[in-house]
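Down below is the structure, laid out as structure tokens.
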């Protein structure tokens with residue numbers, strides 16, 4: 001049975017979608033933007049700060065669904081500028097230092113709210 005995942009640590013959705021869904025022990029997250037619930041907006045500081053916030057938001061959604069970063073099977077990452085790829089990877093590696101999940105990373109024309117990065121994941125709950 002499908003279960004909607006909501007994290008009280010992640011910012012509210014900016015559209016008609018949930019933070020994530022679980023089906024059985026699989027977790028599917030929505031794309032996580034670099035929006036800070038505490039600050040109430042997009043974080044300042046460029047690609048590194050935005051990548052870190054997106055990954056923190058992703059982590060909180062996974063935890064709300066019974067998963068963790070080490071249960072992530074696949075991520076899909078969207079960058080507004082492919083020139084940010086190396087800086088993004090440096091931050092990404094802080095979160096996925098060992099047993100990295102499969103990943104796709106794309107440069108796209110635009111992202112919501114004018115952000116530099118959006119990250120979604122497929123994981124399993126423990």
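Estimated from the Cβ-Cβ distance and a Förster radius of 30 angstrom, the FRET efficiency linking residue 3 and residue 110 is about 0.40. Highest average first, the peptides 53-62, 99-108 ordered by how many other beta carbon atoms sit within 10 Å of their residues are 53-62, 99-108. The angle between the Cα long axis of helix 85-95 and the longest principal axis of the Cα atoms of the chain comes to about 40 degrees, rounded to the nearest 10. Translational D (Stokes-Einstein, µm²/s) of region 38-108 at 4 °C and 1.567 mPa s when Rh comes from the Kirkwood sum over C-alpha pairs? Stokes-Einstein gives a translational diffusion coefficient of 101 µm²/s. Measuring r between the beta carbons of residue 26 and residue 83 and using R0 = 41 Å, the FRET efficiency lands at 0.75. For the peptides 32-44, 114-126, 9-21, the ranking by mean Cβ contacts within 10 Å, running from highest to lowest, is 114-126, 32-44, 9-21.
In terms of overall dimensions, the chain has a Cα radius of gyration and Dmax of 13.5, 41 angstrom.
Counting only alpha carbon atoms, the long axis of helix 46-64 and the longest principal axis of the chain meet at about 0°. Annotation: the residues 71, 76, 29, 6, sorted from fewest to most other C-beta atoms within 10 Å of their own C-beta, follow the order 6, 76, 71, 29.
Bear in mind these aren't lab numbers, they're just calculated from the coordinates by the rules spelled out. All of these numbers come straight from a predicted model, not from anything done at the bench. Positions of Cβ are generated from backbone atoms using ideal geometry, with glycine treated the same way; all protein chains shown enter the neighbour counts.
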